[in-house]
């Protein structure tokens, strides 16, 4: 799975895709399906186009082909907040990455705890991750993907709205689109529905 983890030193999309494939092959896995989440969907797409002999399928969740104007603004704010107030950054991410129904389900104490947890756990490579996300554009390579692909759209996602997933699905020949009513943080909001979709994709 390619997701939120990112090397502190950064890396280009090609380097991340090649590193992913090398890690799998070094572990004795010659062919595999790649599950990409968020920015990881771009890494997964690049792995499939650079290593078609290795990648046998794609499962792409809450992804995007490129940041449109709205996502660019969100990434700009994210990058700016990384340089200063981490509590304010955590509140921004809660507003954008968490759905309104999930937020409404939290008590004031739970919300404060979630904000504090986010503020204290920003991964070291986040600034490089945001920088890379701002430069992504995989639209030109989608048509060359020739493996079974499942695209999972997070329909209550304010950070990466579902139109981005639909663009992915429309660009990849034969791709199937599944929609889940969740914000960007699908692992916390809808883990069971996500797992069900993943299992379906793997079958």
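Nothing in this text is a laboratory measurement; each read-out follows from the coordinates by a stated rule. Since the model is a prediction, treat every value here as computed from it, not as a measurement. We place every Cβ from the backbone using ideal geometry, glycine too, and count neighbours over all the protein chains shown.
Side notes on the structure shown:
- Rounded to the nearest 10 degrees, the angle from helix 191-202 to the longest Cα principal axis of the chain is 10 degrees.
- Exposure proxy shown here: for 12, 87, the number of other Cβ atoms within 10 Å sets the order, fewest to most, as 12, 87.
- Across the chain, Cα pairs under 8 Å and at least six residues apart give a relative contact order of 24 percent.
- At full extension, residue 76 and residue 134 could sit 20.1 nm farther apart than now, given 0.36 nm per residue minus the alpha carbon distance.
- Normalised by the number of residues in the stretch 69-128, the average gap of Cα pairs under 8 Å and 6 or more apart makes the relative contact order 41 percent.
- Over the chain, DSSP H runs of length four or greater, each weighted -39,500 (n - 2.57), average out per residue to a 222 nm ellipticity of -15000 deg cm²/dmol.
- Per the Debye formula on identical point scatterers at the alpha carbon atoms of the stretch 89-175, with no solvent, log10 I(q)/I(0) at q = 0.20, 0.26 Å⁻¹ is -1.03, -1.24.
- Overall Cα dimensions of the stretch 38-150, principal axis frame, Å, largest first: 49, 29, 25
- The separation of the stretch 96-113 from the stretch 48-71, counted between C-alpha centres, amounts to 29 Å.
- Acute angle (nearest 10 degrees) that the helix 69-82 long axis makes with the longest principal axis of the chain, alpha-carbon atoms: 60
- Point-to-point label distance, residue 30-residue 192, nm (Cα→Cβ direction, 7 Å offset): 4.0
- On Cα atoms only, tilt of 86-97 relative to the major axis of the chain in degrees: 60
- Normalised radius of gyration (Cα atoms, divided by 2.2 N^0.38 Å) for the chain: 1.00.
- Fluctuation leader among 79, 193, 104 - the chain, Gaussian network, Cα springs under 10 angstrom: 104
- Nitroxide proxy distance, nm - points 7 Å out along Cα→Cβ at residue 146 and residue 203: 2.8
- If you wrap the stretch 69-128 in the convex hull of its Cα atoms and look at it from every side, the mean projected area works out to 4.3 nm².
- FRET E, pair residue 158, residue 50, Förster distance 35 Å, beta-carbon r, rounded to 0.05: 0.65
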